[in-house]
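The values are calculated or read from the model by the stated rules, or taken from the named source; none is laboratory data. All values derive from a computational prediction rather than experimental measurement. Virtual Cβ from ideal backbone geometry, glycine too; neighbours counted across all protein chains shown.
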Amino acid sequence: MSARRFAPASALLLALCFVACRRDADTPLADRPAAPPARYAIGHPADSTALALLDVDVDPSGHGLPSGAGTPAQGALVYAAKCASCHGAKGEGQAIYPRLVGRDPRDGFPFASDPKITKTVGNYWPYATTLYDYIHRAMPYNAPGSLKTDETYAVVAWLLAQNEIVPPNAVIDARALAEVRMPARDRFVNDNRHGGPGFR
């Protein structure tokens, strides 16, 4: 394409810049906006109580798990009231909401070779502790973070029991949850990077 075809657009841009600069030059100094303030007085300092409400993450080792407990029977009630509308009555999933219950395939780990296999808590999730973390912070979908500690433990207990990972009469608390070994635990590579100059 020739440069001529761009000439009208270039001329228009130049004219707009000239008008903008001219308008600024014609504005009296007294009417021009002052320099921006050093601070905009937005927000307020976070105190320890506010930070504690946000500091709820749980790592794979179980660090950060709060006191409390729940059973699969209690979890069934919480799940039916607050989770089933999205994930199905038995954790089978529906529409855009994922399936949560299912152990198949029980042999091997063919997810990389067959993307059609559905990933669930029972066949793919590596740590029971981070299941608590995710549910407590992000669920239910329409009211994330609204579950109480015992309700979260109970839902986790129900999911683990439905996936045949803990017995139906299990009591799940911080200690018990950290001891649960998920079926897919050894299928993931530990990220042991610590940062610094040698970080890759």
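Let me confirm something: among 135, 117, which residue is free of Cβ contacts under 8 Å to residues at least 24 places away in the same chain, buried (at least 18 other Cβ atoms within 10 Å of the Cβ), among the aliphatic types (A, V, I, L, M) and closer than 21 Å to residue 163 by Cβ? Outline the logic, then answer.
Working: 117 fails: buried (at least 18 other Cβ atoms within 10 Å of the Cβ).
Of 135, 117, the one residue that is free of Cβ contacts under 8 Å to residues at least 24 places away in the same chain, buried (at least 18 other Cβ atoms within 10 Å of the Cβ), among the aliphatic types (A, V, I, L, M) and closer than 21 Å to residue 163 by Cβ is 135.
Can you report the number of residues in region 97-132 which are over 17 Å from residue 181 (Cα atoms) and among the β-branched types (Val, Ile, Thr)?
So the count comes out to 2.
Output the number of residues of region 8-64 satisfying the condition of being out of contact with any Asp or Glu (no Cβ under 7 Å at 6 or more places or on another chain), assigned to a loop (DSSP other than H, G, I, E, B) and either modelled with pLDDT of 65 or more or closer than 30 Å to residue 172 by Cβ (or both). I'd like the intermediate steps shown before the answer.
At the first step, the residues of region 8-64 found to be out of contact with any Asp or Glu (no Cβ under 7 Å at 6 or more places or on another chain) are 8-56, 59-63.
Right, trim to assigned to a loop (DSSP other than H, G, I, E, B) and you get 27-28, 32-47, 55-56, 59-63.
Restricting the remaining residues to those that are either modelled with pLDDT of 65 or more or closer than 30 Å to residue 172 by Cβ (or both) gives 28, 32-47, 55-56, 59-63.
Here the count works out to 24.
List every residue pair whose Cβ atoms lie under 6 Å apart, where the two residues are 6 or more positions apart in sequence or sit on different chains, the first residue falls within region 80-107 and is surrounded by fewer than 17 Cβ atoms within 10 Å (Cβ to Cβ), and the second residue, located anywhere, is among the small types (Gly, Ala, Ser).
Matching pairs, first to second residue: 94/88; 103/122.
Taking residue 154, is it buried (at least 16 other Cβ atoms within 10 Å of the Cβ), touching a residue at least 60 places away in the same chain (Cβ under 8 Å), touching a strand residue (DSSP E or B) at 6+ places or on another chain (Cβ under 6 Å) and not aromatic (Phe, Trp, Tyr)? I'd like the intermediate steps shown before the answer.
Numbers: buried (at least 16 other Cβ atoms within 10 Å of the Cβ): yes; touching a residue at least 60 places away in the same chain (Cβ under 8 Å): yes; touching a strand residue (DSSP E or B) at 6+ places or on another chain (Cβ under 6 Å): yes; not aromatic (Phe, Trp, Tyr): yes.
Yes: the conditions hold for residue 154.
Search region 179-190 for residues that are surrounded by fewer than 13 Cβ atoms within 10 Å (Cβ to Cβ) and pair each with any residue that is part of a helix (DSSP H, G or I) when their beta-carbon atoms are under 9 Å apart and the residues are at least 6 apart or on different chains.
Note: pairs meeting the criteria are 179/128; 181/128.
Identify the residue in region 65-89 that is part of a helix (DSSP H, G or I) and among the small types (Gly, Ala, Ser) and, among all such residues, is farthest from residue 135 (Cα to Cα). Spell out how you get there, then give the answer.
Here is the first cut: in region 65-89, the residues part of a helix (DSSP H, G or I) are 72-82, 84-87.
Pick out the ones that are also among the small types (Gly, Ala, Ser) and you get 73, 75-76, 80-81, 84-85.
Numbers: 73: 18, 75: 12, 76: 15, 80: 15, 81: 15, 84: 14, 85: 15 Å.
Only one residue fits best here, namely 73.
Could you figure out which of (1) over 17 Å from residue 58 (Cα atoms); (2) out of contact with any Pro (no Cβ under 9 Å at 6 or more places or on another chain) isn't true of residue 161?
(2)
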